[in-house]
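Right, one structure below, let's go through it.
The values are calculated or read from the model by the stated rules, or taken from the named source; none is laboratory data. Owing to the predicted nature of the structure, the values given are computational and were not obtained by experimental measurement. Every residue, glycine as well, gets a Cβ built from its backbone with ideal geometry; the counts of neighbours run over all protein chains shown. For the accessible areas, the whole protein counts, side chains as well, though only heavy atoms, and no ligand, DNA or RNA atoms are used. Shrake-Rupley method; radii C 1.70, N 1.55, O 1.52, S 1.80 Å.
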Amino acid sequence: MRHEPIGKELFIANRKRLVKKLKPNSIVVFNSNDIMPSNADGTLGYIQNSDLYYVSGIHQEESMVIICPDFPDKKYREVLFLREPNEMMEKWEGHKLTKKEATEVSGIETVVWVSGFDKLFHHMMTMGGTEHVFLNTNEHYRSEVVVESRDARFIEWCKKTYPLHKYERIAPVMSELRRVKQPREVALIQQACDITECGFRRVLNFVRPGVMEYEIEAEFIHEFKRLGSKGFAYTPIIAAGENNVILHYVENSRQCHAGDLILLDVAAEYANYNSDLTRTIPVSGQYTKRQKEVYNAVLRIQRAAFKMLRPSVVYFDFQREIEKLMEAELLKLKLINKTDIKNQNPESPAYRKYFYHGTSHMLGLDVHDVGNMHDKVQVGSVWTIEPGIYIKEEKFGVRLENNVVIGKKVNIDLMRNIPIEAEEIEEIMMANKK
Ligand code: GLY
Ligand code: MN
Ligand code: MN
């Protein structure tokens, strides 16, 4: 693996936290994700199932974890199933985890080859009073799963084979556990943020009129991989000029011209934990007066939001407050006027022409992490703060995005070292031109 060892203590503690949430006589099954096919014999880069990773730290395909805390035979209360390495597999694919290595990573003592799963699982389902079977599905509020996952196939098989057990959803439990980050997890997200910072500083050195958006992408990935990241936390958005009002512009194929702003929504992963950064920088190294006015309006909202997203606030109430601030800034920028507000349809308020997304989401093993958005904000959860103003008619937009840990007394900005003041960005970019 590219990253430093995480330490099995995190995963041992995560399993303990999970066990506390289960009913008596429960069994939980986690499946890894499939390697996704592309075309012919091609495959996409491997992305582990975040829940399996959360309880084990195992980043290997065809893995399973079973947790059965009340099983009489202690040996089987936690079992990790892995592909059995063989000479041919290792010749083609390289090293796979040994049982000893897997125990070292996860803290799970009983590691069994996955070929032995059916027999052992039958034993655990039929002996020792196992009653509740917790299985996993992707219940993220924005998920659109159009392919059948390993979890889905397992659910089908399991229910057919053991129709009279009581089936339960583990997803809400995982969502509740994962939304509050442990100190080790925060440290890993911080590391992802620090790698992102290095990429961003490299890009500040690199950008000048004439560069292509994809060349900027190459600068980022060079720095990320050099520093032990597997790569981008999400498909990077590098949008110069009028492209930067398109929220999910990912083509990154255009040239950057003097006078353009470039919106960079680009960040690194580290050890499967994610960061999520947006900065908006001037191609020529200096913002125009108008660009700076808009930039500073977004920055003021971001700074206010940092203080407003606090424990016991509900996200959707926070969003409404941010929208009020946004409305006031848009009035000052003369993008909307009082009559627009007076005549607005409440279903489609005037500000929405220029600010058309949410201000924050949780962040962790997933970029848009799990956690119930209708609950109060929790101490120890990690959020993005990412207001933006997008002015199609002026052919530019600005978004600024930082990642924060919600603290008991104050929030901690994990991106506090990443330049954000317009003047600081100009200074760095202009110094590089000398
Ligand atoms: N990079 C995705 C987002 O900001 O939510
Ligand atoms: Mn984000
Ligand atoms: Mn982002």
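With the requirement that a residue be open to solvent by less than 30 Å² (accessible area, probe 1.4 Å) and among the β-branched types (Val, Ile, Thr), what does segment 173-185 give you?
VAL173
Scan segment 247-264 for residues that are open to solvent by 10 Å² or more (accessible area, probe 1.4 Å) and within 16 Å of ligand 3 (Cβ to nearest atom) and report the count.
Our first condition is that a residue be open to solvent by 10 Å² or more (accessible area, probe 1.4 Å); within segment 247-264, this holds for 247-251, 253-255, 257-260.
Filter again for within 16 Å of ligand 3 (Cβ to nearest atom), leaving 247-250.
Of the residues in segment 247-264, 4 are open to solvent by 10 Å² or more (accessible area, probe 1.4 Å) and within 16 Å of ligand 3 (Cβ to nearest atom).
Checking PHE306 against (1) within 16 Å of ligand 2 (Cβ to nearest atom); (2) crowded, with 23+ Cβ neighbours inside 10 Å; (3) outside any loop (DSSP other than H, G, I, E, B), which single condition isn't satisfied?
Of (1) within 16 Å of ligand 2 (Cβ to nearest atom); (2) crowded, with 23+ Cβ neighbours inside 10 Å; (3) outside any loop (DSSP other than H, G, I, E, B), only one is false for PHE306: (2).
Looking at segment 365-394, I want the residues that are assigned to a loop (DSSP other than H, G, I, E, B) and have a partner that is within 16 Å of ligand 1 (Cβ to nearest atom) and among the acidic types (Asp, Glu) with Cβ atoms under 6 Å, at least 6 apart or on another chain. Which pairs are those?
What qualifies is VAL367/ASP276; GLU386/GLU401.
State all residues of segment 20-32 that are open to solvent by 50 Å² or more (accessible area, probe 1.4 Å) and out of contact with any Gly (no Cβ under 8 Å at 6 or more places or on another chain); if no residue qualifies, say none.
The answer is LYS20, LYS21, LYS23, PRO24.
Restrict the check to segment 330-337 and report whether at least one residue is open to solvent by 30 Å² or more (accessible area, probe 1.4 Å) and part of a helix (DSSP H, G or I).
The answer is yes, given that some residue of segment 330-337 is open to solvent by 30 Å² or more (accessible area, probe 1.4 Å) and part of a helix (DSSP H, G or I).
Under 6 Å between Cβ atoms, at least 6 apart or on separate chains: pull out the pairs that start in segment 317-328 with a residue that is on the phi < 0 side of the Ramachandran plot and end on any residue that is assigned to a helix (DSSP H, G or I) and exposed (fewer than 14 other Cβ atoms within 10 Å of the Cβ).
So the pair list comes out empty.
If you check LEU247, LEU263, which single one turns out to be part of a loop (DSSP other than H, G, I, E, B) and within 12 Å of ligand 1 (Cβ to nearest atom)?
Unique residue meeting the criteria: LEU247.
Among the residues of segment 199-239, which ones are open to solvent by less than 30 Å² (accessible area, probe 1.4 Å), on the phi > 0 side of the Ramachandran plot and away from ligand 3 (no atom under 16 Å from the Cβ)?
GLY228
Can you tell me which of (1) under 21 Å from LYS376 (Cα atoms); (2) part of a loop (DSSP other than H, G, I, E, B); (3) open to solvent by less than 20 Å² (accessible area, probe 1.4 Å) is the one GLY285 doesn't meet?
(1)
Go through VAL313, VAL298 for me and flag whichever is aliphatic (A, V, I, L, M), touching a Ser or Thr at 6+ places or on another chain (Cβ under 9 Å) and at pLDDT 95 or above.
The conditions single out VAL298.
Hey, does segment 84-99 have a residue that's touching a residue at least 12 places away in the same chain (Cβ under 8 Å) and closer than 26 Å to ALA233 by Cα?
Looking through segment 84-99, at least one residue is touching a residue at least 12 places away in the same chain (Cβ under 8 Å) and closer than 26 Å to ALA233 by Cα.
Out of the residues in segment 266-282 that are within 13 Å of ligand 2 (Cβ to nearest atom) and assigned to a strand (DSSP E or B), which is surrounded by the fewest Cβ atoms within 10 Å (Cβ to Cβ)?
Once the filter is applied, the top-ranked residue is THR278.
Going residue by residue through segment 77-96, is there one that turns out to be surrounded by fewer than 20 Cβ atoms within 10 Å (Cβ to Cβ) and touching a Leu at 6+ places or on another chain (Cβ under 7 Å)?
no
Determine the pairs where a residue that is within 16 Å of ligand 3 (Cβ to nearest atom), located within segment 275-297, has a partner that is aromatic (Phe, Trp, Tyr) with Cβ atoms under 8 Å apart, the partner being 6 or more residues away or on another chain.
Cβ pairs passing all conditions: ASP276/TYR234; LEU277/PHE200; ARG279/PHE200; THR280/TYR295.
Any residue in segment 153-172 that is surrounded by fewer than 12 Cβ atoms within 10 Å (Cβ to Cβ) and hydroxyl-bearing (Ser, Thr, Tyr)?
Scanning segment 153-172 turns up no residue that is surrounded by fewer than 12 Cβ atoms within 10 Å (Cβ to Cβ) and hydroxyl-bearing (Ser, Thr, Tyr).
Just to be sure I understand, how many residues within segment 346-365 are open to solvent by 20 Å² or more (accessible area, probe 1.4 Å) and within 11 Å of ligand 1 (Cβ to nearest atom)?
Selection size over segment 346-365: 2.
Evaluate segment 301-323: report whether one residue or more is more than 19 Å from TYR356 (Cβ to Cβ) and polar (S, T, N, Q).
yes
Which residues, counting only those in segment 1-30, are among the aliphatic types (A, V, I, L, M) and within 21 Å of TYR167 (Cα to Cα)?
LEU18, VAL19, LEU22, ILE27, VAL28, VAL29
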